[in-house]
Structures are given as C-alpha cells and as structure tokens.
1. If you average 1/r across every pair of different Cα atoms in the range A:90-172 and take the reciprocal, what Kirkwood value do you get, in Å?
2. Output ³J(HN,Hα) for the range B:172-177: one whole-Hz value per residue in order, computed from phi by the Karplus curve 6.51 cos²θ - 1.76 cosθ + 1.60 with θ = phi - 60°, and x for Gly and Pro.
3. If amide hydrogens are placed 1.01 Å from N in the peptide plane, which non-local residues have theirs closer than 5 Å to the one on B:Glu248?
4. Distance between the C-alpha centers of the range B:240-298 and the range A:166-228? Whole Å please.
5. I'd like the orientation of helix B:120-139 relative to chain B: the angle between its Cα long axis and the longest Cα principal axis, in ° from 0 to 90, rounded to 10.
6. Bin width 10 Å, alpha-carbon pairs only: give the P(r) of the range A:176-248 as whole percents, running from 0 to the bin holding the largest distance.
7. Show the residues, 5+ positions off or on another chain, whose built amide H is closer than 5 Å to the amide H of B:Arg16.
8. Work the Kirkwood hydrodynamic radius out for the range A:119-227: mean of 1/r over every pair of different alpha-carbon atoms, inverted, in Å.
Amino acid sequence: MEFGGDDTEPKGGAKSPGETVRDAEYYYREATKYWLAADFELALRNYSRILEQNSTIFEGWAGQVLMLIELGEYREAGVWADKAMELFPENPELLALKALACFRDAKLEQAVAYSDNSVGKENLTPRVWLTRAEIFLDRKGPIAEGCINKAIRCASKLGPIVKLEAGRLLRRKRNYVFAIRYLKEAVQDLSRSPLAWYELGCCQASLGLSEATSSLEQCVNLRPDWTEAKDMLHKVGNRGFFRRLMGK
Amino acid sequence: MRCARCEFENIPGQTRCIRCGSILEAGSAVIDIYPPRMPAWRKPIRAVRRWARTQRVLSRMPATVQRGFDLVVSDSLVGLMLSIIPGLPHLIRRRFREVRLLVLLWFILLCASLFFYHSPTGAVLIGLTLAVHAWIAVRYGLVEEIRGFGERVALVLIVVIFLALVYWAVPRVLIRGFGGGYTSLAIPARNISRGDYFLVRHVPRAEEPLPRGTLVLIEPPRIRNAQRDLRLNQRQRMIGQIIGLAGETVRVEGTAYVIGGQRLEPSQFPVPHWLQQSPPRAVTGIAVPDHSYFVSTDYAVAVHGHAAVTDQAISNACIARTSDIRGRAFLHWWPLSRRRFMEQ
C-alpha cells in the first residue's frame, strides 16, 4: 500500500458492522492525529488520501501545504499553495500558508505581501493571524501579540490547536515564558498529543525548569519511536547545573 | 449545485462557486493531488541560501556577486554536476519526461559516434553528442537563472568545455592506457594494411613479456638530433610489431627477419622497406637487451653523409624499452570492413 496503511482493507463490497468507514472525515481525523504526534510525513499522506476521496475538500489542500512547511520543504509548499489557490482562489488561509512558507524560507518581503493580502480578505481563520504573528514577532512585538490573541479569539473549537501553534511559534522566537503559558493551556486539552508535550518540555528545558523531564517523558510515553524527543529527554536528563542555568 | 466550501447554492452548470470561487466538481483523475517533494540532498543547499538571505549578507553586495552566489549554491549547479550522466538530475527530480527524447537522441548519437570513432563522421557525431548533452545539462534550470544572451552563450561554452573534458577522461579512466594509433606495416597474413587504425589498452605487468608478433603502440624514438645519419619523419605515436624478445638477436636477410638462425615468415613478420634497404651489417645481428623488444615499424629515412644507416641507428630506432610501450592493440578499428578484436 502506498500509504503504509492497513493492507487488509476490503476493496468494495459490504462492510461488516462496526467496521470503520474510511471516508474523507476518517482520513482528516487520522491526519490531525499524526500531525499532533509530530509525524508530519504520515499526516501529509493522510491529507493526500482526503483528496483521493474528494479533491474539492479544502482542508486536504491546506493540510498538505502546512505539512510541507512542517517538513521544511518551503519551496514545494509555495508551489502547492499556488496549486491549491487555482481551486480556491484568493483564499485567506492559503495566502497565509504561502506567506508562512515564504517567511520560513527567509523571503521576508514576499511573506509580508502575502500576509497583508490574506488579512484583507473575508472569513479570516486563525492561521491568518498566527502567520502574521510569526512574521511580525521579531520586529513589532505588540502587533504580534495582538495577532495571537485574535487567532485564539476566532479559533472556536480549534482553540487548543491554535494555542499549541501559538506556543510553538513563540518558542521558535525564543519567547519561552509566553510560549509555556500557551502550551500549558494546550496540553490540558491535547493531553494525548506528543507534539504539545514535546514543545512544552523544550520550553521548560530552555528555561532550566525541572518539569522539562516529566513533560518529555510524557511525550516519549505517548510516542516511543520519536527519536528527537528521546534525544531531548536524554540531553535534559544528563545536563548539569551550569547548563541548566544557561538553558542549554 | 451546493459549494463544498461555503455551502452556497449555485446555478446548475456552474464550474466555480459564485460566492467563494471554489471549484464545484473536480475528479481526482484530472487534478494532481500529490504534492512535489524535495530530495534529501537539496536540503543543505537550500539551508545555505536561506542562511544567506536571513543574514542579509548578499544584499549589501553588487548584483553580479549576488547572482554568482545564487548560481553557486543553486540546485542548478548541483544538477549540472549530476548531468555528467545526461538526465540524471531530471530523473531524481522526477522531470525525466521533459528530456526523455533528448536523452534518447544523445544515446543514439553516442552509439553512432562510438561506431565511427576516429573518422570525420565520428568527429561530427561526437560534436553533436556533446551539444545534445550540454543542452540537457543546461536545460535543468540554469537557462532560467541566467537571463542575458551573452551570459547564456558563455555558460553553454563552459558546459561544453567541461563535458568535452569529461568525454576525454572517461575512456581513459574506464580503459587504462586507452588510445589509438596507425600502423605503417602491411601484414598480409593478419589482413592488416598500411594506415589501419588500432585501439590500444594498457599492458598489465602480468602480461609481460609480450609474445612475438604483438602489435603495440610505441613512443617515437627521440634520435633525430643524436644520430645525424638517420632522420625519422614519425612524430606521433605509432603501432609497431614485436619481432625480437629480450636476449635474442635480430638479423635481416632480404625480405625476412632471422631470429637466432630461424627465418620468420615475411607474410606474418614483414620487414619494413627502410630495413630492407639498409639491413644491419653485423653478422650476429642486433642484440635485444633486457626489458626491451625489437619493434618493427616503417620510417621515412633520410641519410646524411653516409652510404647507409648504421647498426647503432637501427638499434636506436627499433629497440624499445618496456617503458616506451604505451599499450597493446586490442581492436582493429579502421577500416570498418576489417573491424575485429585482436587475438591475444
């Protein structure tokens, strides 16, 4: 099977009672699960499977672009965002994702242009504000904070994920104190997410807090095959007083 | 027709939603739903470029420097390097379809130019092969990155020179001591005529000493100034035939060589014209020293101040040390009608 999924899945025919229906919604749930487990490759495959079912589902396209960004393939993400915009023209979330891809690829002017374009549209999503926050966090802190707050306000049921994303972007900018605030709120709702625990653990480790070990242990328990988390746990467990003080 | 994105009820027959512009119907067969992926080897290259952009190192430099840097760390340059095998970077990037016909053309031209190697047709064909190869390499992406006409021409020239060096080096690396040379001997028993062209390869130590009759490529002897009585017109490497082995003595009787009192068949071991005219005078013949061979080749001889060529001059011209032998002929290449592998 291309996606490494269950090969025993029957092709067509009547499904037995209680069997999971593998429709677009199922794959969306799977993709979100893998994303929150920081397995971006599998998440990307599940987003592709959503589009296999129905290529007009917006979440599939946006998810693919986001996963490409998470995998560090910014140029490909940009190309794919353009492709998605052929189907969903002037979509603010796709514009925001394109801005994010440009920003992470160190193309600041383009990123600002796309972000400006995205906030000028209607029906703004949290992603639009989170991207804007990421772009402006270095240079215009108060604007960025406002953007994060707007993202959380318009998140509705996606609140925990938006908080997780906010925490991640603040950690990326080394603003650990604020990041911990959001990540702690996120792990309360996403207690089964290795990604949330990992981000929290990393922030705590950077501030020299002893809770880092327990957060990272929690993360490793939830996803034992995650090498990065295990390495981080090992590193945190073995560092001395001076390193803890320096947040290294 | 309801839009899947904004749930707006559109007029039947619409392809896009009136409210949000989303497409209303799309089959996965017509839309590619699998995103492009980045090959792992490209990660560090992109990281360098990103770092340069982040640090704004280049923004303060002249535009030419910026373009040069971009080119050096671009994917295209790596692609160019990989293009030593035509189409390889395209294959890695899943763009092989773009150049598949060009690669096929290159392969056909390469086969044809190998077949006609060392002939005017072969030279034209190898030129075309090189041009197609260069075009495949440049097409990978450099053409888009370099805008000016002059720059493009310069780039293509550089690529052609680079690939020409590769073409020159590859056979020499694959076949050690690869080369070729013309023979000035006619050997009827072996169906060899004057002017035939042979391909040669390195002689491994295990093959030494070479048997009598072997055709070898030798350096022309440098005796022009040392021996004023014998002037050779051969300036390039040439194919000669091994006649005498180390420790033997070689005499010439009429049209045949005599080795240790035994006459060699002239149709298999022909005596060149100049030796028939001026055979060695010593009764014992010319002794072949250790680690040397008596190699028979035809020279155009000009004698000054003497009635005949001296034995010393013949010895200098015909005795080749092992180190003078550049290779052993393994393929009778030209003319085409006599093309065949040499019996070893």
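1. Values: mean 1/r = 0.0816 Å⁻¹.
Evaluated on the range A:90-172, it is 12.3 Å.
2. With the stated coefficients, the range B:172-177 comes to 6, 7, 5, 10, 4, x Hz.
3. Here the answer is B:Val288, since their amide H atoms fall under 5 Å of that of B:Glu248.
4. So the separation of the two Cα centres works out to 90 Å.
5. In chain B, helix B:120-139 runs at an angle near 30 degrees to the longest axis.
6. Reading upward from the zero bin: 23, 53, 22, 1.
7. So B:Arg16 has HN proximity to B:Leu24.
8. Values: mean 1/r = 0.0710 Å⁻¹.
Computed over Cα pairs of the range A:119-227, the Kirkwood hydrodynamic radius comes out at 14.1 Å.
A short reminder: the numbers here are calculations on the coordinates, not readings from a lab. All values derive from a computational prediction rather than experimental measurement. FYI the Cβ positions are ideal-geometry reconstructions off the backbone, even for glycines, and counts take in every protein chain you see.
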